[in-house]
1. Going by what's in this entry, would residue 119 be described as crowded, with 21+ Cβ neighbours inside 10 Å and either without any contact (Cβ under 8 Å) to a residue 60 or more places away in the chain or in contact with a helix residue (DSSP H, G or I) (Cβ under 9 Å, 6 or more places away or on another chain) (or both)?
2. Does residue 39 qualify as being at negative phi and touching a helix residue (DSSP H, G or I) at 6+ places or on another chain (Cβ under 6 Å)?
3. Can we say residue 137 is on the phi > 0 side of the Ramachandran plot and either surrounded by fewer than 20 Cβ atoms within 10 Å (Cβ to Cβ) or modelled with pLDDT of 95 or more (or both)?
4. Please go through region 191-218 and pick out each residue that is farther than 18 Å from residue 166 by Cα and either in contact with a strand residue (DSSP E or B) (Cβ under 7 Å, 6 or more places away or on another chain) or surrounded by 14 or more Cβ atoms within 10 Å (Cβ to Cβ) (or both).
5. For region 66-74, check the following and say yes or no: at least one residue is surrounded by fewer than 20 Cβ atoms within 10 Å (Cβ to Cβ), in contact (Cβ under 8 Å) with a residue 24 or more places away in the chain and not in a helix (DSSP H, G or I).
6. Considering only residues that are crowded, with 17+ Cβ neighbours inside 10 Å and over 19 Å from residue 170 (Cβ atoms), which ones fall in region 91-114?
7. Would you be able to say whether some residue in region 44-54 is within 30 Å of residue 226 (Cα to Cα), buried (at least 20 other Cβ atoms within 10 Å of the Cβ) and at pLDDT below 95?
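The values are calculated or read from the model by the stated rules, or taken from the named source; none is laboratory data. These figures come from a predicted structure and were not determined experimentally. Every residue, glycine as well, gets a Cβ built from its backbone with ideal geometry; the counts of neighbours run over all protein chains shown.
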C-alpha cells in the first residue's frame, strides 16, 4: 500500500513546540527522569538520520515546502523523536504513573497545535509530505523480527514479556501523535496514516527498546545513579 503522508501548519507551531519541548525536558529533569531525557535526545538524533539522511537525501520521498529542509527536519525529528521515546521509556519504567506521563505529551501536542491554528495566521505556512511505499515493507519486516523473537522467547519458557503492554505502548504512542495531527487540522483526514502508521512506525521499535531498557535499568536508576552490581546481573 502506497500513500502520501502530509502536514500543513503555521511556522508559529515550531516556536511554540520548542517552548513545549524545553518545558517537557525541564519537567522530566525536575522529577529526576534523566535516563528518559537522554533516550529521548538519542532517539531524536536517530530520527533525524532516518528522516533527513534516508527519506530526504537517499530515497527522495520526503518533501519540504516553506522551510530549509535541514533545519526543519532537525527540529521535526528532535520534536517527535524526543517526545515519543522519552514517553515510551517512562511507560517501560512501570512506576505506576502511566496516566500522568501519557497525559503530558498529549496535552502538549494538542495545545501547541490549537494555539498555532488560532494565532498563526500572520506566519509563513509550511507543508511537508512523504511517500511510504518504498520503506513500509522494510519497517514491517523489522517489526516482525522483533515481535517474533519475543514470541519465541515467551514460548520457550524464558523471562516472559508482556506483549500486550508492548503493543499498547507502540501503537498507542503513534496513534496519539496521529490523532493530535488530525484534531489540529495538520494532517488530512485519511484513514491510512492513522491506521498503518500506528501499527508499524513507532511500534516496530518496541521489542528492541524493551531489551535496551531492560539492560540499562539493570545498571542505572532513572536519576543516573548506579545500581549495585551482582554476579550475573549483566548476563
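1. On the way: crowded, with 21+ Cβ neighbours inside 10 Å: no; either without any contact (Cβ under 8 Å) to a residue 60 or more places away in the chain or in contact with a helix residue (DSSP H, G or I) (Cβ under 9 Å, 6 or more places away or on another chain) (or both): yes.
Judged against the criteria, residue 119 is not a match.
2. Values: at negative phi: yes; touching a helix residue (DSSP H, G or I) at 6+ places or on another chain (Cβ under 6 Å): yes.
So residue 39 fits the description; yes.
3. Numbers: on the phi > 0 side of the Ramachandran plot: no; either surrounded by fewer than 20 Cβ atoms within 10 Å (Cβ to Cβ) or modelled with pLDDT of 95 or more (or both): yes.
The answer is no for residue 137.
4. Taking region 191-218 first, the residues farther than 18 Å from residue 166 by Cα are 191-194, 218.
Residues satisfying the conditions are 193, 194.
5. Yes; the residues of region 66-74 include at least one that is surrounded by fewer than 20 Cβ atoms within 10 Å (Cβ to Cβ), in contact (Cβ under 8 Å) with a residue 24 or more places away in the chain and not in a helix (DSSP H, G or I).
6. 108, 112, 113
7. Yes, that holds for at least one residue.
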